[in-house]
Amino acid sequence: MITYQNRFGKVEISNEYFSTLIGNTVTSCYGVSSMVASTSKQFIRSLFSKKEYIDTGIIVTGNINSISVDLHICVTYGLNINAICNSISHKVKYVVEQATGIVVDNVTVHVVSMKGE
């Protein structure tokens with residue numbers, strides 16, 4: 001959770017907000033087949049539930065000055081992985097900075113697997 005004080009009061013931005021915002025952005029990108037669990041909590045949750053959660057595969061760290069984002073994705077087979085990762089990185093930076101005003105320092109995209117169409 002990122003907390004800061006401004007002239008209107010205390011502002012808190014939760015990790016769930018970032019995960020939802022980033023998850024919606026990444027899954028809408030061309031070539032992303034699905035998100036892959038990146039933490040043990042997400043992995044265990046995916047074992048016991050058939051539901052796909054929007055925060056799967058997303059790790060956000062940082063503070064009010066800047067954040068870093070780690071993404072774990074599955075891409076569609078036959079597409080240019082480098083182009084997909086660059087597109088995701090630029091789109092995530094743009095969306096997060098426009099929505100929150102917080103600078104995204106680094107977006108790391110881990111391609112875990114590929115799926116056929």
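What follows is calculated from the coordinates using simple rules that are stated; it is not laboratory data. For clarity, every value in this text was computed on a predicted model and none was experimentally measured. Here Cβ is always computed from backbone atoms with ideal geometry, including for glycine, and neighbour counts include all displayed protein chains.
In order along region 55-65, phi translates into HN-Hα couplings of 8, 5, x, 10, 10, 10, 10, x, 9, 5, 6 Hz, rounded to whole numbers, per the Karplus curve 6.51 cos²θ - 1.76 cosθ + 1.60 with θ = phi - 60° and x for Gly and Pro. Counted over region 2-115 with a bin width of 5 Å, the fraction of Cα pairs per bin, in whole percents, is 2, 11, 22, 23, 17, 12, 7, 3, 1, 0, 0.
Counting only aspartates and glutamates at least 8 places from residue 41 when in the same chain, those with an alpha carbon closer than 12 Å to its own are 55.
For the chain, the longest piece that avoids every one of the trypsin sites (Lys or Arg not before Pro) found in DSSP loops with at most 12 other C-beta atoms within 10 Å covers 52-117.
Scan region 2-108 for GluC sites (Glu not before Pro) in coil per DSSP, keeping those whose Cβ has at most 16 other Cβ atoms within 10 Å, and list them by number. Here the sparse-neighbourhood loop sites are 52.
Expressed to the nearest 5 percent, the antiparallel share of DSSP beta bridges inside region 2-115 is 55 percent. Under a 5 Å amide H cut-off, with hydrogens placed 1.01 Å from N, residue 36 pairs with 72, 73, 74 among residues at least 5 apart or on other chains.
Rounded to the nearest whole Hz, the Karplus-based 3J(HN,Hα) values (6.51 cos²θ - 1.76 cosθ + 1.60, θ = phi - 60°) of region 75-85 follow the sequence 9, 7, 4, x, 9, 6, 5, 4, 5, 4, 5, with x at glycine and proline.
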